[in-house]
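Quick notes on the structure that follows.
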Amino acid sequence: MPELFYSHAVRDALREEMARDPRVFLMGEDISYGSAFGVTKGLVEEFGTERVRNTPVSEEVIVGAGIGAALLGCRPVVEIMFMDFILLALDQLLNHGAKYHFMYGDQARVPLVVRTPAGARRGYGPTHSQSLDSILLTLPGVKVAVPATPADAKGLLKTAIRDDNPVVFIENKTLYGRRGDVPEGEHLVPFGRARIAREGSNATVVATGQMVEDALAAAQALAGDGIEIEVVDPRTLRPLDMPAILESVQKTAHLVIAEEGHRTGGVGAEIAARVSEEAFYYLDGPIRRVAARDIPIPCSEPLERYVIPGAADIIKAVKETLNAST
Amino acid sequence: MMPTTPTIRDPALAAKLYRSMVLIREFEQALDQLFASGAIRGTAHFCVGQEATAVGVSAALQAGDYVISYHRGHGHFIAQGGDPARIMAELFGKATGYSGGRGGSQHVSSFEHGFLGSNGITGGGIPVGTGAALALKLQRRNGVVAVFFGDGAANQGAFHESLNLGSLWKLPVVYLCENNLYSMFTHLRESTSVGHIADRAAAYGMPGQIVDGNDLVEVFNAARQAVQRARDGQGPSLIECKTYRMLGHSKSDKRAYRTREEEASWQAHDPITLFRKRMLDERILTPESLTAIEGEVDRQVEQAVRFARESPFPPARGLEESVYA
Ligand SMILES: Cc1ncc(C[n+]2csc(CCOP(=O)(O)OP(=O)(O)O)c2C)c(N)n1
Ligand SMILES: [Mg+2]
């Protein structure tokens, strides 16, 4: 299995799906030049400007035109250069794309993928660092993928492109430069199937995106203290693999949820609520959430580190829930 | 298009404007090096080559007027009299920066300087600037808002909604498009349905004007007229300043999407060189006075960098208190 950068795994998925299905095309700001992180570099040479379309700086029509093209049989993969800018397109995405199939029935399908890089830790400040996953979850109709490894980036994106519903595919900026083994060719990762990134028996850590890496670092540190955590990476937030999460919690009796988005109303809040509804009696300690503080994400390094969670916060949360039970 | 009579004859004003342009230039060049050497993290957008638009517009404003900017905003802030040391400190993420390290390059402001802020959302300042003009009108304050944005931003819905509303309500605002031919790596002809952004003014019932954005005098004259019109209650104008950013879009951009020949042709039309030559030719400023200004600015930028380096980082504790008023 070749080792690939996460960004190249994304590009391979795009390339393979474009080669496989002539209905697939790309559009986004500066996309033929690779956009802000170089992910789509080289694709215009291969597929031409008809299928790799640079757009004006116009997020609303990028997503809206994607929806319209999808309705009539195209399979657009559009890019929002930073996830922060998806806020400019949410009307098209959530009032239109997310509801068409429900409102108009089977004649209407929206096989649209919106790829977008999220995450902080680069000092880009309040408008270029956010993880807005939970905003997409609050309204039904859009699927959400959050790949944490190069292999999942490729496999989930190929699945997203073949899905007949709008999918927001959240790539993480800090992960772009990470390498990992990626299966060649037809590598599809199904939606709604979590990955156990590390097995353990003392506590479950459900981590998304960049936080998976932090959870694995925390696991290593905790192992030194004799604490074995199980790291569950849900891979898609909708559909969410609740059976896998519940199974792990039943085994460990302790749950920590780690995400880079803001704490209030976050992904962790939703998972915590579901686990307390469905597995309350299995828990031996309080559920702990690790998330960004409810503060806009600052530029300055010490401030950004204060707001954005990391491995140390996961370690602390695991110890808190374990200590509370003894 | 050289206007036959220069409007800047006052040596004190000419010296002030020259100084402001050189300060912006040297600030940006120092910053470019600081990024290259890894002294600053994050990112920034430099306005080298675009100094005349910022300085020409600020010169046309008076106390009580405002400027609102976008991601390429250091020049607008400095032209409004912002302290380069505190802007530099912001870029270093230091407590002494205008946003206390919270905002960085793209998110700084100082209302006392009439600077309503830069912002990282392309086009995002256009509605806000329009609303600031609404406040000035409602409060009968006789002030004007200059709203800066790039050519790329003119393709956002926010631009079109704002120009319509501003014109409909005859708000005291001047829309200033700095058309530097590119939005990131994409050339204007690949992103925009018209060759001139100013042509869009017609759609909103306001005057649209094209100026040589690298000619300080031309920018100043056009801005003065538009500001007067806005102040007189006749509503907004759209001024398109044709210009060019000499450096990349942001740090670490290798400029593969444009030719060195194109860059050279704009280099030959450098706003600072143009103004310098003109002031010398017309004997408004002397070579000695210009050299003296350049020396002063050198020292000021050095001091700004030293101030930024030596300033402390902000404490993280209590950051929660900064979120709500
Ligand atoms: C809403 C939004 N979309 C996209 C971006 C990414 N972006 C930053 S600057 C830029 C180009 C803007 O071009 P223009 O308005 O011409 O200003 P210039 O950079 O040329 O000064 C883009 C696309 C952004 N910051 N905000
Ligand atoms: Mg531009």
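The values are calculated or read from the model by the stated rules, or taken from the named source; none is laboratory data. Here the structure is a predicted model, which is why all the values come from computation and not from measurement. Every residue, glycine among them, receives a Cβ derived from its backbone with ideal geometry; neighbour counts consider all protein chains shown. Quick note on the areas: whole protein, heavy atoms, side chains included, nothing else; ligands and nucleic acids left out. Shrake-Rupley method; radii C 1.70, N 1.55, O 1.52, S 1.80 Å.
Here are a few things to note about the model shown:
- Out of B:R258, B:R200, one residue alone is touching a residue at least 60 places away in the same chain (Cβ under 8 Å) and basic (K, R). It is B:R258.
- Subset of the stretch B:199-225 [of a type in the set (G, A, S) and more than 18 Å from the chain's Cα centre (by Cα)]: B:A201, B:A202, B:A203, B:G205, B:G208
- Selection from the stretch A:92-117 of residues that are over 28 Å from A:T49 (Cβ atoms) and touching a residue at least 24 places away in the same chain (Cβ under 8 Å): A:L94, A:A98, A:K99, A:Y100, A:H101, A:F102, A:A108
- Residue selected from the stretch A:48-64 under the condition open to solvent by 40 Å² or more (accessible area, probe 1.4 Å) and away from chain B (no Cβ under 12 Å), by the criterion farthest from A:P166 (Cα to Cα): A:E50
- Scope the stretch B:6-64; condition part of a helix (DSSP H, G or I) and over 22 Å from B:A146 (Cβ atoms); matching residues: B:P11, B:A12, B:A15, B:E26, B:Q29, B:A30, B:L31, B:D32, B:Q33, B:L34, B:F35, B:A36
- Criterion (at pLDDT 95 or above, crowded, with 22+ Cβ neighbours inside 10 Å, away from chain A (no Cβ under 14 Å) and in a helix (DSSP H, G or I)) met by exactly one of B:V219, B:V211: B:V219
- Among residues of the stretch B:48-71, those that are in contact with a Ser or Thr (Cβ under 9 Å, 6 or more places away or on another chain), open to solvent by 10 Å² or more (accessible area, probe 1.4 Å) and not aliphatic (A, V, I, L, M), counted: 3
- Scanning the stretch A:44-81 for residues that are assigned to a strand (DSSP E or B), within 16 Å of ligand 1 (Cβ to nearest atom) and of a type outside the set (V, I, T) turns up A:R53, A:N54, A:E79.
Every residue, every condition in (1) outside any helix (DSSP H, G or I); (2) among the small types (G, A, S), yes or no:
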site	(1), (2)
B:S252	yes, yes
B:R258	yes, no
B:S265	no, yes
B:R278	no, no
B:V301	no, no
B:F307	no, no
B:R317	yes, no
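- Check on B:A12, hydrophobic (A, V, I, L, M, F, W, C), modelled with pLDDT of 95 or more and within 16 Å of ligand 1 (Cβ to nearest atom): no
- The single condition from (1) within 16 Å of ligand 1 (Cβ to nearest atom); (2) surrounded by 22 or more Cβ atoms within 10 Å (Cβ to Cβ) that B:H196 fails is (2).
- Test result for B:S183, of a type outside the set (D, E), touching an Asp or Glu at 6+ places or on another chain (Cβ under 9 Å) and either on the phi < 0 side of the Ramachandran plot or within 16 Å of ligand 1 (Cβ to nearest atom) (or both): yes
- When the residues of the stretch B:137-161 are filtered to those that are away from chain A (no Cβ under 14 Å) and over 18 Å from B:H76 (Cβ atoms), the one that is farthest from ligand 1 (Cβ to nearest atom) is B:R140.
- For the stretch B:129-153, a residue qualifies if it is part of a helix (DSSP H, G or I), among the aliphatic types (A, V, I, L, M) and in contact with a strand residue (DSSP E or B) (Cβ under 6 Å, 6 or more places away or on another chain), and the qualifying residues are B:A132, B:A133.
- Within the stretch B:125-168, the residues that satisfy the criterion of being aliphatic (A, V, I, L, M), under 17 Å from B:P207 (Cβ atoms) and within 16 Å of ligand 2 (Cβ to nearest atom) are B:V147, B:A154.
- Subset of the stretch B:39-71 (residues that are among the β-branched types (V, I, T), out of contact with any strand residue (DSSP E or B) (no Cβ under 8 Å at 6 or more places or on another chain) and under 16 Å from B:G125 (Cβ atoms)): none
- Only a single criterion out of (1) more than 12 Å from chain B (Cβ to nearest Cβ); (2) open to solvent by 20 Å² or more (accessible area, probe 1.4 Å) is not satisfied by A:A36, namely (1).
- Against the test of being of a type outside the set (S, T, N, Q), away from ligand 1 (no atom under 16 Å from the Cβ) and closer than 19 Å to B:S110 by Cβ, the options B:L17, B:L61, B:L34 yield a single qualifying residue, B:L61.
- Failed item, numbered, when A:V78 is tested on (1) within 26 Å of A:Y176 (Cα to Cα); (2) within 14 Å of another protein chain (Cβ to nearest Cβ): (2)
- Within the stretch B:169-193, the set of residues being open to solvent by 40 Å² or more (accessible area, probe 1.4 Å) and away from ligand 2 (no atom under 16 Å from the Cβ) comprises B:W169, B:K170.
Residue-by-condition table, conditions (1) within 17 Å of A:D12 (Cα to Cα); (2) touching a helix residue (DSSP H, G or I) at 6+ places or on another chain (Cβ under 8 Å):
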site	(1), (2)
A:F82	no, yes
A:D91	no, yes
A:Y104	no, no
A:P117	yes, yes
A:L137	no, yes
A:P150	yes, yes
A:V167	no, yes
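- Single residue of B:A132, B:A89, B:A79 found to be away from chain A (no Cβ under 13 Å), in contact (Cβ under 8 Å) with a residue 60 or more places away in the chain and open to solvent by less than 40 Å² (accessible area, probe 1.4 Å): B:A132
- Meets criteria (farther than 26 Å from A:A118 by Cα and in a loop (DSSP other than H, G, I, E, B)) for A:G265: no
- Top-ranked residue of the stretch A:145-166 - restricted to ones that are assigned to a helix (DSSP H, G or I) and among the charged types (D, E, K, R), ranked as surrounded by the fewest Cβ atoms within 10 Å (Cβ to Cβ): A:R162
- Some residue of the stretch B:28-37 being within 14 Å of chain A (Cβ to nearest Cβ) and of a type in the set (S, T, N, Q): no
- Only one of B:G114, B:G49 that is more than 16 Å from ligand 1 (Cβ to nearest atom), under 14 Å from the mean Cα position of the chain (by Cα) and under 25 Å from B:A308 (Cα atoms): B:G114
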